[in-house]
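All remarks here apply to the structure that follows.
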Amino acid sequence: MSVEQRVVIYPEQILEGSPMQQADRSVRDLKLIYPETGFDAMTLCLGVVEIDPGHHSPLHRHRCEEVYYVVKGSGEIESDGKRYPISPGCAVFNRPGTIHRVYNTGDETLQLVVVAGIMLVPLWPQWPTPSPYEVFEGSSADQHPAVSPAPEASR
């Protein structure tokens, strides 16, 4: 007898609390297609990040490729200290190990669809920390400690 494989996730089944989520909920990191939501995906996961006006995601890096697609709102992606404007219809490619964060510089919620490699799979022989993430700031930083200080962000 085979176990039924999950095909669809419904809005009431989405999980919160990924490493980018902030305790005050100004940044929400929503898990859709993830092992934690019951999917047996082998290489990719899918989520949505929402950032309130005037806030930003934590400065972080991870060991997999990641892409963002901007659904609504406007802001900037900081990648290795350089900032680039983003708006609806833009796509962003984050390479493994690149230190990055997203700023909401607009007046409405910035919403990003996020597709990334499954970070539970060791993609490299070693990563600097026990977690696939290194979070340099924010409410989950103590759970995903960085091994080196965060670089100065460009202003």
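Does R83 meet the test of being farther than 18 Å from D29 by Cα, assigned to a strand (DSSP E or B) and not hydrophobic (A, V, I, L, M, F, W, C)? Criteria met by R83.
From the residues in the range 37-59 that are touching a Gly at 6+ places or on another chain (Cβ under 9 Å) and outside any loop (DSSP other than H, G, I, E, B), which one is nearest to Q111 (Cα to Cα)? Restricting to residues being touching a Gly at 6+ places or on another chain (Cβ under 9 Å) and outside any loop (DSSP other than H, G, I, E, B), the top hit is E50.
Matching residues to (1) modelled with pLDDT of 95 or more; (2) buried (at least 19 other Cβ atoms within 10 Å of the Cβ); (3) among the aliphatic types (A, V, I, L, M):
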{"site": "L59", "(1), (2), (3)": "no, yes, yes"}
{"site": "V92", "(1), (2), (3)": "yes, no, yes"}
{"site": "R101", "(1), (2), (3)": "yes, yes, no"}
{"site": "T109", "(1), (2), (3)": "yes, no, no"}
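L44 meets all of the listed conditions (1) within 24 Å of Q143 (Cβ to Cβ); (2) touching a Ser or Thr at 6+ places or on another chain (Cβ under 6 Å) but one, namely (2).
When the range 130-155 is filtered for residues that are at pLDDT 55 or above and either touching a helix residue (DSSP H, G or I) at 6+ places or on another chain (Cβ under 8 Å) or surrounded by fewer than 14 Cβ atoms within 10 Å (Cβ to Cβ) (or both), the ones remaining, listed by number, are P130, S131, V135, D142, Q143, V147, S148. Within the range 32-55, no residue satisfies the criterion of being β-branched (V, I, T) and without any contact (Cβ under 8 Å) to a residue 24 or more places away in the chain.
Annotation: of all residues in the range 44-65 being out of contact with any Phe, Trp or Tyr (no Cβ under 8 Å at 6 or more places or on another chain) and acidic (D, E), the one that is nearest to E134 (Cα to Cα) is E50. The set of residues from the range 5-31 being among the hydroxyl-bearing types (S, T, Y) and under 15 Å from L112 (Cβ atoms) comprises S18, S26. Output yes when any residue across the range 35-42 is within 10 Å of the chain's Cα centre (by Cα) and of a type outside the set (G, A, S), and no when none is. There is no residue in the range 35-42 that is within 10 Å of the chain's Cα centre (by Cα) and of a type outside the set (G, A, S).
For the range 8-46, taking the residues that are exposed (fewer than 11 other Cβ atoms within 10 Å of the Cβ) and under 19 Å from H60 (Cα atoms), the one that is modelled with the highest pLDDT is identified as D24.
The values are calculated or read from the model by the stated rules, or taken from the named source; none is laboratory data. Treat the numbers as computed from the prediction; the structure is a model and nothing was measured. Note that each Cβ is placed from the backbone with ideal geometry, even for glycine, and that neighbours are counted across all protein chains shown.
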